[in-house]
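Everything below concerns the one structure shown next.
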Amino acid sequence: MSAIDLILLGSLCKEPQSAYSLQKQVEARNLKRWVKIGSFTVYKKVIQYEKKGYVSSETIKNGNMPEKTVYSITPEGRCAFKEYMYKFASEETRIFLDFNAVIINLALLDKNEERECLSGIKESIQNTKQQIEESIQEHKDIPFYGQAILEQQFMLLETLEKWEAGFEQKLNRQEEK
């Protein structure tokens, strides 16, 4: 069970869809920014859901279009979705930041390399914050919950900016000793 399951089962709770449609929805909602999910994962997951009885499938053909398989949520799938919702809502909040793998290894670099890496982290935080700010401004039509996530991410990035500045200051003081 993962956040990916919540996203995909939630999408199927709204309406029956093909794996391709689910993948396009993930891309359109820019969910790859927060959850590692690729097209192979989507196809693999719907097959797993079908084996578990969470979805049923129907192959349909519209006119000259190729056949496609459309997945519909089952009552068991809705139960699993709700179970996942409650489980994830009450779990410990974990924040995984890939750049922490860089931070933990900074001491292995010389001072110039260390500064370059910190500069890269700082720039990445600023760029991501700018992208999210632009998304908030450009996409006023994003549903309320999507807008709330963008605002949350923006606030987290502001906090990361402050953290990074403080970290650099502490690092400078440590070097002066």
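The values are calculated or read from the model by the stated rules, or taken from the named source; none is laboratory data. In this text the structure is predicted, and so the values were computed from the model without any measurement. Counting neighbours? That spans all protein chains shown, and the Cβs are built from the backbone with ideal geometry, glycine included. We work out accessible area using only protein heavy atoms, side chains counted, and drop any ligands, DNA or RNA first. Shrake-Rupley method; radii C 1.70, N 1.55, O 1.52, S 1.80 Å.
Looking at (1) within 18 Å of D98 (Cα to Cα); (2) surrounded by fewer than 16 Cβ atoms within 10 Å (Cβ to Cβ), which is the one condition that is false for K129?
(2) is the only condition that K129 fails.
Taking the options E92, E67, E58, name whichever one is touching a Phe, Trp or Tyr at 6+ places or on another chain (Cβ under 9 Å), among the acidic types (D, E) and either open to solvent by 90 Å² or more (accessible area, probe 1.4 Å) or modelled with pLDDT of 90 or more (or both).
E58
Name the single residue, out of those in region 134-150 being open to solvent by 90 Å² or more (accessible area, probe 1.4 Å) and assigned to a helix (DSSP H, G or I), that is nearest to I95 (Cα to Cα).
Y145
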